[in-house]
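Only one structure is covered here, and it is reproduced in the block below.
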Amino acid sequence: MLDERYVGEILVRRGAIDADRLAPALELARDKGARLRDVLITTGVLDDLGYMEALAEELGLDLVQQITPDMVPQELLDKTPINFARQHRLLPIGTDGNVVRVATSNVLDLAALDDLRALLGCRCEPVAAPSDVIEDAINRVYERRDENALAESDQQEDIEELQDLIDMTDEAPVIRWVNNLFYESVRDRASDIHIEPAESEVVVRYRIDGTLYRVKSAHRGFLPSIVARVKIEAGLNIAEKRLPQDGRITKKIKGKLVDVRVSTIPTAKGERIVLRLLDKEQVLLDLPTLGFAHERLAVMEHLITRPNGIILVTGPTGSGKTTTLYACLNKINKPSLNILTAEDPVEYELKGISQLSVQPKIGLTFAAGLRSFLRQDPDVIMVGEIRDFETAEIAIHASLTGHLVFSTLHTNDAASAVARLVEMKVQPFLIASSVLAVLAQRLVRKLCVHCRQPYIPSDEDLRSLELDPKDYGPPEPLIPGQQPRGSEPPPDELLDAELLEPLDDNGGITTPVAAAQKPRPVFYRAKGCQECAETGHSGRIGIFELLVVDNAIRREVLNHSDAKKITRIAAERGMTTLREDGTRQVLAGRTSLEEVLAATHAGDIDVE
């Protein structure tokens with residue numbers, strides 16, 4: 001067994017760690033029965049790259065920090081079993097004459113190198129590499145081999161339907177190919193995996209930051225075995241091909257538990273599968289990280305601590321409404337409150353909160369769940385969506401009897417939520433007396449900070465965001481390769497202070513301040529690099545429109561005013577529209593002009 005004290009002496013000698021930190025780490029490793037390397041990395045004393053740099057320097061080995069599939073010869077890969085490579089964290093990456101260069105994160109494991117020499121039939125020379133580099137390379141290179149096997153198959157176009165599908169899924173390439181879908185999707189931060197049959201191939205697309213990207217394909221003949229493999233894992237009926245099916249898979253990927261929702265539907269070209277990925281161990285976002293301006297955040301935090309009333313979050317499907325509601329609940333969650341939620345389905349489990357998954361097929365609807373909640377002595381209730389008069393009526397009744405209610409509606413802007421409730425036959429006086437605020441939101445993709453490109457906006461760019469070019473100086477010509485003045489985005493707190501004025505008690509801006517002519521701002525556009533998988537974006541952030549129902553808005557509701565008039569009154573009182581909040585994010589350098597324009601079409605800001 002490797003002498004951990006000897007490894008520790010190497011790390012100290014090479015300056016990777018201090019001598020006074022070695023003894024406690026060795027003691028902890030001995031008590032836990034763990035390796036010194038894992039203890040140092042887990043406790044934050046040393047990262048894996050620093051560990052490998054010290055050993056490589058001590059042993060006189062080269063250190064590689066990136067391995068691409070093209071570096072690995074196919075003939076070496078065919079002789080190296082994937083389980084052997086994963087177990088010993090090594091991978092042959094090339095030849096130098098009669099010597100094979102082997103990247104390994106266990107450079108002192110000479111027995112594994114001897115075994116590999118026997119497998120390959122030639123001498124092996126170790127090259128140091130961090131563990132995550134080895135792990136990622138193993139998945140990539142073996143995935144490429146499996147893709148080639150599935151894409152270049154000489155099988156006939158249509159496999160006989162009566163063939164034993166279970167036997168087909170036992171083929172290792174198909175199993176590894178499907179497993180790699182999950183691994184890659186988690187690595188690339190995908191929220192959904194689409195497996196779609198086409199004329200001559202099976203197409204796989206990932207939804208990343210709200211956008212679908214084609215990532216791989218397989219030969220059309222493998223569609224039945226791919227579908228069967230997914231169905232078996234999800235506990236579905238592999239013989240049923242005529243009806244849609246739903247199931248679930250729980251997988252552990254890179255140490256994280258991932259809940260996978262599986263949906264299959266029959267199409268004219270074969271069964272289509274969509275897999276929704278939910279990280280069960282994901283840290284819940286809090287309100288500040290969602291993208292609220294500081295002043296709006298203060299109003300929102302005040303509203304969610306009110307003892308009763310309704311707070312509605314609106315927006316289209318996929319705009320992050322549930323995430324915002326979870327952040328609100330997470331903010332106010334404490335042992336003294338009884339918080340109940342009715343969701344369709346429960347996406348993330350919240351500690352200390354009782355969550356109900358509605359099942360309309362058996363009569364457990366939002367209305368039924370909400371009615372039952374009122375007998376559970378709740379303080380705060382979250383209902384996933386108000387879809388009908390019955391649910392709206394019970395929610396309003398709950399708010400008027402001393403409960404704080406959170407829910408969502410599918411409307412384009414905040415003011416339209418009032419019209420939507422009226423369409424459900426809810427009386428305006430009930431809306432005016434129960435609704436505290438309506439929050440409309442969208443998600444825009446954040447620019448990758450590693451590759452975003454600054455540029456000086458034109459007059460037309462400024463007008464598209466409802467900024468007057470006369471308020472800003474003329475565009476300054478840029479020398480090629482020169483960064484524009486002020487191209488580094490200002491801190492969030494400085495930006496918000498400059499763009500937004502102090503709020504009054506109802507969440508409106510007090511008195512507008514005339515702005516002197518300012519230097520022309522700097523915008524950013526997406527480019528694409530290795531860090532963002534060439535997409536130019538990394539993650540998403542919210543833009544918000546918060547309509548606080550104050551006395552002026554209540555009067556408009558009671559007067560049956562339409563959404564446009566309510567929006568105009570609210571804007572006069574300082575409400576920031578979706579387009580205006582998107583402008584704030586563009587000026588901050590967090591997102592691009594194109595993202596905001598796409599997320600806030602004309603219907604979102606039309607107040608004429």
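The values are calculated or read from the model by the stated rules, or taken from the named source; none is laboratory data. On a predicted model such as this, the values are computed, not experimentally measured, just so you know. Neighbour counts are summed over all protein chains in view; Cβ atoms, including those assigned to glycine, are modelled from backbone coordinates with ideal geometry. These accessible areas exclude ligands, DNA and RNA; they are computed on the full protein's heavy atoms, side chains included. Shrake-Rupley method; radii C 1.70, N 1.55, O 1.52, S 1.80 Å.
Restricting Arg207, Arg220, Arg187 to those that are within 25 Å of the chain's Cα centre (by Cα), at pLDDT below 90 and either open to solvent by 20 Å² or more (accessible area, probe 1.4 Å) or not acidic (Asp, Glu) (or both) reduces the list to Arg187.
For the stretch 503-526, indicate whether the set of residues that are in a loop (DSSP other than H, G, I, E, B), at pLDDT 90 or above, surrounded by fewer than 20 Cβ atoms within 10 Å (Cβ to Cβ) and not aliphatic (A, V, I, L, M) is non-empty. Scanning the stretch 503-526, I find no residue that is in a loop (DSSP other than H, G, I, E, B), at pLDDT 90 or above, surrounded by fewer than 20 Cβ atoms within 10 Å (Cβ to Cβ) and not aliphatic (A, V, I, L, M), so the answer is no.
So, Gly291, is that one crowded, with 17+ Cβ neighbours inside 10 Å and over 21 Å from Ala392 (Cβ atoms) or not? Considered against the rule, which asks whether it is crowded, with 17+ Cβ neighbours inside 10 Å and over 21 Å from Ala392 (Cβ atoms), Gly291 comes out as yes. Name every residue in the stretch 310-343 that is open to solvent by less than 20 Å² (accessible area, probe 1.4 Å) and of a type in the set (Ser, Thr, Tyr), in order of residue number. Listed by number, the residues that qualify are Thr314, Ser319, Thr324, Tyr326, Thr341. Residue count for the stretch 344-372 under the criterion of being buried (at least 20 other Cβ atoms within 10 Å of the Cβ) and closer than 15 Å to Cys328 by Cα: the result is 0.
State the number of residues belonging to the stretch 294-309 that are touching a strand residue (DSSP E or B) at 6+ places or on another chain (Cβ under 9 Å), open to solvent by less than 50 Å² (accessible area, probe 1.4 Å) and not basic (Lys, Arg). Residues meeting the conditions: 6.
So Ile41 passes all but one of these: (1) among the β-branched types (Val, Ile, Thr); (2) closer than 30 Å to Gly94 by Cα; (3) in contact (Cβ under 8 Å) with a residue 12 or more places away in the chain. Which condition number does it fail? Failing condition for Ile41: (3). Pairs linking a residue in the stretch 231-258 that is under 23 Å from Gln359 (Cα atoms) to a residue that is assigned to a helix (DSSP H, G or I) and basic (Lys, Arg), with Cβ atoms under 7 Å and 6 or more positions apart or on different chains, do not occur. Summed over the stretch 373-396, the residues that are touching a residue at least 12 places away in the same chain (Cβ under 8 Å), over 19 Å from Ile304 (Cβ atoms) and open to solvent by 40 Å² or more (accessible area, probe 1.4 Å) give a count of 8. Does Arg261 satisfy the criteria of being assigned to a strand (DSSP E or B) and open to solvent by 50 Å² or more (accessible area, probe 1.4 Å)? So Arg261 does not fit the description; no.
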